[in-house]
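Enquirer: Below you will find the structure I want to go over with you.
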Amino acid sequence: MRQTLKTLLILIVVFITGCYYDNEEKLYSEVSTNCDLSNVTFVLTVTPILQASCLSCHSNSKAGSSGGGVKLQNYADVQVQAKNGKLMGVVKHASGFQEMPQGGGKLPDCEISKLQKWIDSGTLNN
Ligand code: HEC
């Protein structure tokens, strides 16, 4: 009887620590895929993303020759592409849209989420 109780106790301990480690793993994966969507603004968030991945073709000076005439440098021009749905369509590689950045890899999910957040918040010039 004592032996059975002991075995049971060990099983319970193993079970509980097993759960504990599972939770820890889950916590870590949530931290590593963390995407901070607070404080998304046009100047501090959207502009750097476009600068790094889009303006080589869509700056005011390059748009005509390399960007199909689409400008993404000034707020007003970005807002047009955001409101007509093309900005998110192209970065999400949605069907029916050109895939952007053209010739480059898709933007990281976190950057796409930040652009979406800016649009959902009203495409403010902030
Ligand atoms: C290597 C050059 C290049 C880069 C980099 C690039 N684009 Fe483009 N983009 C183009 C060209 C060329 C077109 C016009 C394509 C066409 O009309 O066939 C275009 C078209 C577009 C359009 C209009 C699509 C439509 O259906 O009218 C949008 C919006 C756009 N790009 C956004 C972006 C965004 C956002 C980025 C960065 C994430 C980006 N582009 C990066 C070359 C580029």
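Since every read-out is calculated from the coordinates, none of them should be taken as a lab result. Just so you know, these numbers come straight off a predicted model, no measurement behind them. When we count neighbours, we look across all protein chains shown, and the Cβ atoms used for this are built from the backbone with ideal geometry, even at glycine.
Enquirer: Determine whether the range 69-82 contains at least one residue that is charged (D, E, K, R), free of Cβ contacts under 8 Å to residues at least 24 places away in the same chain and more than 21 Å from residue 126 (Cα to Cα).
Expert: Within the range 69-82, not a single residue is charged (D, E, K, R), free of Cβ contacts under 8 Å to residues at least 24 places away in the same chain and more than 21 Å from residue 126 (Cα to Cα).
Enquirer: Determine the pairs where a residue that is without any contact (Cβ under 8 Å) to a residue 40 or more places away in the chain, located within the range 52-67, has a partner that is aliphatic (A, V, I, L, M) with Cβ atoms under 8 Å apart, the partner being 6 or more residues away or on another chain.
Expert: 55/72; 58/50; 58/70; 58/72; 59/72; 62/55; 63/70; 63/72
Enquirer: Taking the range 66-100 as the search range and keeping residues that are of a type in the set (S, T, N, Q) and more than 9 Å from the ligand (Cβ to nearest atom), which one is surrounded by the fewest Cβ atoms within 10 Å (Cβ to Cβ)?
Expert: That would be 95.
Enquirer: If a residue has to be touching a residue at least 60 places away in the same chain (Cβ under 8 Å) and either surrounded by 15 or more Cβ atoms within 10 Å (Cβ to Cβ) or charged (D, E, K, R) (or both) to count, how many in the range 101-111 make the cut?
Expert: Selection size over the range 101-111: 2.
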